[in-house]
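The values are calculated or read from the model by the stated rules, or taken from the named source; none is laboratory data. No experiment lies behind these values; they were computed from the predicted model shown. Cβ sites come from the backbone with ideal geometry, for glycine too, and all protein chains shown count toward neighbours.
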Amino acid sequence: MYAIVEIAGQQFKVAKDQKVFVNRLQEKEGSNVNFDNILLMDDGKITVGAPAIKGAVVTAKVLNHLKGDKVIVFKKKRRKGYRVKNGHRQFLTEIQIESISAKTPAKKATVKKEETVAEAKKPVAKKEAAPKKVEAKKPAPKKTAAPKKVEAKKPAPKKTAAKKVEAKKESPKK
């Protein structure tokens, strides 16, 4: 029998009597912890939650609090003289899974169905008609002007070779 449980924002596959390292929990060493956010459970048949299985609980015992292995973070940009070295040790909690149980309230579910059927058969009182809202007058749509006609421009007359020569002779040279 195993279950997939969300513990401290991470998902773990756990089985009975398994030891698991999780992110630091607030509980004291030796205390029991219940996790009710079970996403999947396998006890002969697989049960998938949507998003979690209602009534299912995983019970665990907190064994101790510790720090994880040191992780070195080294950053470097070549030819720039930039080097940074940092270390990190994650705070962890070691827990041991004691039990996985699926308590599904079958009787409560049937009672709720009967109540909803009875409520559905009751006649629904009609609501009084709400007063109609008076709509403000909208301004008349603006009239668009007819598009202006664009006159084709006539190309300027080209100067002939004779006129160019005359223009050059007339211009004074300095």
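Screening LYS80 against (1) farther than 20 Å from LYS16 by Cα; (2) in contact with a Lys or Arg (Cβ under 8 Å, 6 or more places away or on another chain); (3) not acidic (Asp, Glu) leaves a single unmet condition, (2).
Of the residues making up region 47-72, those that are in a loop (DSSP other than H, G, I, E, B) and on the phi < 0 side of the Ramachandran plot are GLY49, ALA50, PRO51, ALA52, ILE53, LYS54, GLY68, ASP69, LYS70. When GLN26 is tested against (1) polar (S, T, N, Q); (2) part of a loop (DSSP other than H, G, I, E, B); (3) surrounded by 13 or more Cβ atoms within 10 Å (Cβ to Cβ), just one condition goes unmet, and that condition is (3). For GLY44, the conditions (1) more than 30 Å from ALA15 (Cβ to Cβ); (2) assigned to a loop (DSSP other than H, G, I, E, B); (3) at pLDDT 70 or above all hold with the exception of (1).
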